[in-house]
Structure formats: C-alpha cells, structure tokens
Ligand code: ATP
Ligand code: MG
C-alpha cells in the first residue's frame, strides 16, 4: 500500500512519500521536485507539469493553469468572472452551471470540467509517485486551503476520484505544515504542561493563510485559522505587471494588456524580477527581447520601489495575524515561534510585516516549498495501516460556523440553531434531537456569509423521511447526527426515531427504536424464537448506540460546559480515550456482544462521572447554599424576637430555645466553614461539600428547630359574646390576620431537573 501526500498548489505541486527511511519529497521525470500545476492540450497529445509550463506562451489558449480556485463554484460566481477576465484561456458554463475550460484538443473543441482538469494533474502526480515508489499508488492525502468551503472541497474530492486516487483525507495546508513541524519535535511539553503555541504562516501564489496550533507531546490542536484568500505571490506579480504596462504605454506606445502572449511574458519576467528583488535591494533590470511589434523593452526597479508599489498588499499581512491571535485568545508572549512557508513569504517586506507584528524573529527552519507535501505524507502514514508511525493526534477546526434551519410543510414556522461554531474542533459529530410529527427538511448553511469567501452560504439540504406522530398523537423524538468529517465536509450522517412504547399495566413510556416491537403475544414458538432474536439484537444495538452517543455527547461537552471542570491533562487523556473508543466502534467494536458495549460504557463513565458531578454540583450548589442561608436567617430572626419578648413566642420553653439557638449557630458555622473551604478550591477539584449534604443539613435544621420555634401557642378561650360586648374588649382576630401562628412556607423544591447540556433539543 502506498503512502503519499500531495500539495496541490495553485502554481506548484509537490509529492511527499513515506519510505522505510522516513518521509521524502520525490522528483518527477525532469528531476524536479516541483511539478507546475499546468496542462497543455495539443492537436496530438497532452503535456502536464513542466512540459506544459514551457508551452504557456506558445500554446496560449490551450494551456490551462491557475485553476485551483475554480473548484466548486458556479460559472456566474463573481470570483469566477474576475478570474475569467484575467485568464488567457476560455472558461465556459457547464450544463450543471459549474465552471468548464474550453480548449482545442486533438483538433476538436472540448469542454472540460475543472474536476477533470485537476484530475489530469493529479493523475500525473500519481504516475510520478508510482514511478518513484515502483508500485501502484491509490491511497493519498491531498492538501486544500483551510478556507475552502464544502463545495470546493467536494469538487477536489471528485477530481481525486477521476484520477483514480483514494483520498484518505483532504488536509488543510497549514495543518499539514503544523504536523510536519510537530511530529519530529522531541522537546514538546508533556500533556499536563502548558502547550507550546506556534504560529504558521503560508503565503503561496494565490492565498495567504495563518494558523495557530497548540502542541503537546504526541498531539497538535489547531486553535484558530485565518486567511486572506486574495493575497499571494500572484498579486505582487500583478502589481509589477500593471506598473510596467503603464510604463511601456508611454515609453513604447505599447498596449500590453491587449496582447495575451506579451502579457504572459511580462508576467513571467515580473515573477523573476520579484524573486530577484528578494535577494537584492539594488536596482535590477527588466529586459524582454522582441516583446511586442518586434520591439525590445527594458526597465528597472529596486526593492524600495517595489515595496512602495505593493504597500496596499503589504498592509494586508497584519489583519489575519491579529485575528488569529484574537481567536486563539493569546498574547504575543504566549507564542513560542512563528514558522513561515510558501514561496511568497520569501519577500523581505512580507517577512518584516510578520516579525514586526509579533515583535519577534521569525523562523524559516521548515522547507518553505515542501512542508505541505511532507505533512500530507505524514498524515497519510498515520492513517494508513501499511505504515507504522509514532502516534500523533491532530485536531483541526471548522473554519466557518454552520447553522441548521428546518421547516416542514405541515407544521407552522421554521427554526434554526448553530451546530458548529467557528474554530470548533473537527472532525466532530453531534446529535440533535427534534420533536416532530412528520418528515422535515434540514438546510445547512454558513452562519455568517460575509465571513466566507464564497457567494452562496448554503451547504446542503437534507430531508428526514419516515417521521410520523407517536401512537398517542404526540411528537416523535428524532435524533439527527450531524458531522464535519475528516475532509472538513459537513453532512447529516443519520437520523433515528425514538418511539414510545406503552407496556400494559405500566404507565411509563419506554423509549425504543422504530424497528421492533416486543408486543404481540400468542405467537407460535417458532416465531417466538425469532422475536427473541430480534429483541436481543435490538438490545445489542441499543448498547452500542449508547456507547456512541456517550462518546459524541461527552466530547462535545468537554469543549463546552465541562471544559472548566477538568484539568487540561485529564481532558487530553479523556479526549484520546473517546477518540479511541470512536475508532474502536468503527473497527473491532463494530460487531460485539451487548455485554462488551456495556462494559465499554461503564469504563467511560468511570472517567466521565466525576467531571459530570463536579459540573452538576457547581450548577446546583449556589442555590441550595443560598436556601440554607436564608433558612438560618429566618430562624435567627425568630430567636431574636423571642429574646426581645415578642408575645408571639412568649409561650416557648427557655431551655429548649437555648438548644435551638445553639443548633442554629452550629449550622451557621458549618455553612461558613464549608463555603470558605469551597471557595479555595478550583473548579477542577471535587467539591468539599455536596449538594445532597447541604440539603440534609437543611432538613435536620428544620426537624430540630421547627417543632420548638413554631410550636403553636396555647389557645385562649374566647370570652362569651355578652361579656365581650360589656367589656368592650376585642380578643378575636384583628383584621382577620393574627390569632394563627406564622409558619414559614415549606422550602419549595426548586431542584428542577436540569437538561443535560451539550445535546441540543429543539422543537
Ligand atoms: P497556493 O499555496 O496559493 O496554492 P502555491 O503553493 O503553488 O500556491 P508556492 O509554491 O508556495 O505557491 O509559492 C509560489 C509563489 O511564491 C509565487 O508567487 C512565487 O513567485 C513566489 N516566490 C517563490 N520564491 C520567491 C522569492 N524568492 N521571492 C519572492 N517570491 C517568491
Ligand atoms: Mg501552497
């Protein structure tokens, strides 16, 4: 089995492979490790890579390059229209509305989908790897920009399929770089220590990406990714092209922009000049022979002029850095190092902007061209069973928040909820519970369209079928699992219905799956066996589902409500354990007896329970403490009133009241000491006092004090009417109030059941 990582660049592609000696980047038939993303179609043959690049100027209309960002977009997309205006070859709308490339190939007009074009390039890269590895290649990991949306990712996946590749993962470019950085580091902090935060910056030809990752031994966690998909090396080339085009207009009366071939040559020369200026600050010449109309042109530029010309572009370096730091909630001093990759980070002014922002030297220890491919190959090695690599856990993020909207034709109204927030850990699954009576549609879309460099915020529409009311007409409980998978693709993974079952003589509703029912007595024995078998199978499935749900639910809460209640070390351990369990469920644990699942759940609960308890205790404690405090105050007031000879209490026994006072004081001391001790603890420690103990204390207080303090006053015989009238006395109730003893209202049971957080419930 092959282990291959592909950096599918806008301009340049690299291939990393795992061999017994480790990871290496391999060379193509030109002994070049860089394969240009370029395809030239001719009347007899196709050329791909280096051979195609040399035909850009000679076969202008049929040499396709710069197509990476045409993926997954509609032809009418403004971004496509902007690209189209600059491309020397023709773009056309495909029958399904997407982007096609129109070329002459084998003396015929042909329209290729962008997936087919990238497919050709990937097939070439596959062939190069097969030549180097001397065996068939299928499994691979392919890089994509972290800002690629669902549609763009799906389109790249389709291209891989066309090329005959089995893409194990679409990997975000900066995450690949982070893996290439981290996996070999021997000195990463231990799991329980503070992580090492590293910033990765990649500026290639077409885009600029930043990510911040936290490293501990054996793991990397992406904290934030930011980007400017419209800044890259090509924009610097363009600034130079615009400048020289203007100059040549006045100097030579040449309109370069009207001549595609001259324009392509100017682009090539400007790119060279740009690179030279990175190494040299003095004046550098630009000479092109026979440029247009048989004219030779020449000019010059130096680095200072270039930087002035590109000031607007350079000012776009800082905002993504700032945004990434804000999103990761880090300060400059929390950053261990800044690693830069991508060709355009070689521009000195770009480097300067980055290092000025962090007030720190930047590190260029990674191979700027090959780090992405190496990271992808490493990821492929981790995913492939064919290769043994050191364990390294990678947690990426969701780049844009995702919301689900639902509606059904029968029921009124719509609803929505955000299912993944920006920078939420990925891959990740969540279970959402709906209460519905009929099939309904779910529409997934990006919550904040203005943050997404893509004109359509819709991700997909999913119909949940076969939903009906319960036997009693109630809504059905429908559990829908949504997922951002390993490729960064969103999907509704599955949906199941929980059906109420009325068992005779039992008022409780038993949740059960839709498929089977254990009613139906009076069947013959044969049938009985099958029913029993069904029942056992269902129980086995339920036990498996319970493990799966626990994993998803707990992982969700670990980054949510439970986060504060667990140390980072324990959280890391538990996350790994949950991950292992998830993997186990899809592998060895796919088909196990019920008891095995029950044991697994028990094992997870052993670790999860204390965290859950700390959380619940923390939520409930303030309320019960407060109630006990109030109760003590009320009792103390009564004692005070008794001491002040309030006639309401003048019937009480002094010796007993002394005991009561002592009891109340003790309770108050107990409360104060517990509160003090509790305040000294962190949230990750088990509480010194449990809610149940406080409630017991409260009850004890009631049962000791109430019978004494609230002992009814002996009734005084009312005088008879005549006497009363004669004396003019009034012993009866005044204003209908007194005459009855006051009793505090029984403490209300406020301990409402709190809904377990994490799992979302929507009506
Ligand atoms: P993307 O990451 O956008 O898909 P890519 O991966 O193909 O593109 P890279 O190979 O990382 O891009 O970088 C190519 C860019 O880097 C080109 O614009 C190239 O001109 C520029 N570049 C390479 N070397 C230098 C240099 N020494 N000075 C300035 N720019 C350079
Ligand atoms: Mg790149």
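The values are calculated or read from the model by the stated rules, or taken from the named source; none is laboratory data. The model shown is predicted, which means the values in this text are computed figures rather than measured ones. Neighbour counts run over all protein chains shown; Cβ positions are idealised from the backbone, glycine included.
Summary of values
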read-out	value
First in region 35-47 and in contact (Cβ under 8 Å) with a residue 60 or more places away in the chain and over 19 Å from residue 87 (Cα atoms), second anywhere and outside any strand (DSSP E or B) and within 16 Å of ligand 1 (Cβ to nearest atom), Cβ under 6 Å, 6 or more apart	35/28; 35/49
Identity of the residue in region 1-40, under 21 Å from residue 159 (Cβ atoms) and modelled with pLDDT under 95, that ends up nearest to ligand 2 (Cβ to nearest atom)	3
So residue 207, is it within 13 Å of ligand 2 (Cβ to nearest atom) and more than 16 Å from residue 375 (Cα to Cα)	yes
One residue from 349, 304, 312, 323 being out of contact with any strand residue (DSSP E or B) (no Cβ under 8 Å at 6 or more places or on another chain), touching a residue at least 40 places away in the same chain (Cβ under 8 Å), away from ligand 2 (no atom under 16 Å from the Cβ) and in a helix (DSSP H, G or I)	349
Those helices (runs of 4 or more DSSP H) lying entirely in region 650-763 with at least 3 residues at pLDDT 90 or above	654-679, 691-709
Conditions (1) within 27 Å of residue 424 (Cβ to Cβ); (2) surrounded by 15 or more Cβ atoms within 10 Å (Cβ to Cβ); (3) touching a helix residue (DSSP H, G or I) at 6+ places or on another chain (Cβ under 7 Å): number failed by residue 318	(2)
Sole exception among (1) within 14 Å of ligand 1 (Cβ to nearest atom); (2) over 23 Å from residue 202 (Cβ atoms) for residue 296, by number	(1)
Hey, residue 108 surrounded by fewer than 22 Cβ atoms within 10 Å (Cβ to Cβ), within 23 Å of residue 170 (Cα to Cα) and free of Cβ contacts under 8 Å to residues at least 60 places away in the same chain or not	no
Criterion (outside any strand (DSSP E or B) and within 16 Å of ligand 2 (Cβ to nearest atom)) met by exactly one of 69, 44	69
Test: residue in region 165-179 that is modelled with pLDDT of 95 or more, surrounded by fewer than 22 Cβ atoms within 10 Å (Cβ to Cβ), assigned to a strand (DSSP E or B) and under 21 Å from the mean Cα position of the chain (by Cα)	no
Test: residue 370 is modelled with pLDDT of 95 or more and more than 21 Å from residue 203 (Cα to Cα)	no
Criterion violated by residue 157 - all others in (1) at pLDDT 95 or above; (2) surrounded by fewer than 22 Cβ atoms within 10 Å (Cβ to Cβ); (3) more than 18 Å from residue 323 (Cα to Cα); (4) in contact with a helix residue (DSSP H, G or I) (Cβ under 8 Å, 6 or more places away or on another chain) satisfied	(4)
Residues satisfying the stated conditions in region 428-451, i.e. under 27 Å from residue 467 (Cβ atoms) and not in a strand (DSSP E or B)	437, 438, 439, 447
Failed item, numbered, when residue 161 is tested on (1) in a helix (DSSP H, G or I); (2) within 16 Å of ligand 2 (Cβ to nearest atom)	(2)
Residues of region 265-301 satisfying the condition of being farther than 19 Å from residue 234 by Cβ and out of contact with any strand residue (DSSP E or B) (no Cβ under 8 Å at 6 or more places or on another chain)	279, 280, 281, 282, 292, 293, 294, 295
Matching entry among 431, 389, 480 (being in contact (Cβ under 8 Å) with a residue 12 or more places away in the chain and either surrounded by fewer than 15 Cβ atoms within 10 Å (Cβ to Cβ) or over 19 Å from residue 493 (Cβ atoms) (or both))	389
Every residue from region 359-382 that is surrounded by fewer than 16 Cβ atoms within 10 Å (Cβ to Cβ) and more than 16 Å from ligand 1 (Cβ to nearest atom)	359, 361, 363, 365
Residue match in region 77-93 (condition: within 16 Å of ligand 1 (Cβ to nearest atom), surrounded by fewer than 17 Cβ atoms within 10 Å (Cβ to Cβ) and either within 18 Å of residue 156 (Cβ to Cβ) or touching a residue at least 24 places away in the same chain (Cβ under 8 Å) (or both))	yes
Residue 4, sole failed condition from (1) crowded, with 21+ Cβ neighbours inside 10 Å; (2) within 15 Å of ligand 1 (Cβ to nearest atom); (3) within 34 Å of the chain's Cα centre (by Cα); (4) within 30 Å of residue 382 (Cβ to Cβ)	(2)
Options 127, 152; residue that is more than 16 Å from ligand 1 (Cβ to nearest atom), at pLDDT 95 or above and either outside any strand (DSSP E or B) or surrounded by fewer than 19 Cβ atoms within 10 Å (Cβ to Cβ) (or both)	127
Region 12-50: number of residues that are crowded, with 17+ Cβ neighbours inside 10 Å and out of contact with any strand residue (DSSP E or B) (no Cβ under 7 Å at 6 or more places or on another chain)	2
Filtered residue count, region 434-446, keeping only those that are surrounded by 18 or more Cβ atoms within 10 Å (Cβ to Cβ) and closer than 23 Å to residue 152 by Cα	4
Count of region 614-635 residues which are under 33 Å from the mean Cα position of the chain (by Cα) and touching a residue at least 24 places away in the same chain (Cβ under 8 Å)	8
So residue 268, is it free of Cβ contacts under 8 Å to residues at least 60 places away in the same chain and either out of contact with any helix residue (DSSP H, G or I) (no Cβ under 9 Å at 6 or more places or on another chain) or within 14 Å of ligand 1 (Cβ to nearest atom) (or both)	no
Selected residue (only one of 386, 381 is modelled with pLDDT under 95, part of a helix (DSSP H, G or I) and over 30 Å from residue 441 (Cβ atoms))	381
Filtered residues of region 7-38 (kept if within 22 Å of residue 235 (Cα to Cα) and more than 31 Å from the chain's Cα centre (by Cα))	34, 35, 36, 38
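Every residue, every condition in (1) farther than 24 Å from residue 317 by Cβ; (2) at pLDDT 95 or above; (3) more than 11 Å from ligand 1 (Cβ to nearest atom), yes or no:
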| site | (1), (2), (3) |
| --- | --- |
| 182 | yes, yes, yes |
| 197 | no, yes, yes |
| 200 | no, yes, yes |
| 208 | no, yes, no |
| 223 | no, yes, yes |
| 231 | no, yes, no |
| 245 | yes, yes, yes |
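Results for (1) touching a residue at least 40 places away in the same chain (Cβ under 8 Å); (2) touching a helix residue (DSSP H, G or I) at 6+ places or on another chain (Cβ under 7 Å), shown as yes or no for each residue.
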| residue | (1), (2) |
| --- | --- |
| 208 | yes, yes |
| 213 | no, yes |
| 221 | yes, no |
| 225 | yes, yes |
| 229 | yes, no |
| 238 | no, no |
| 247 | yes, no |
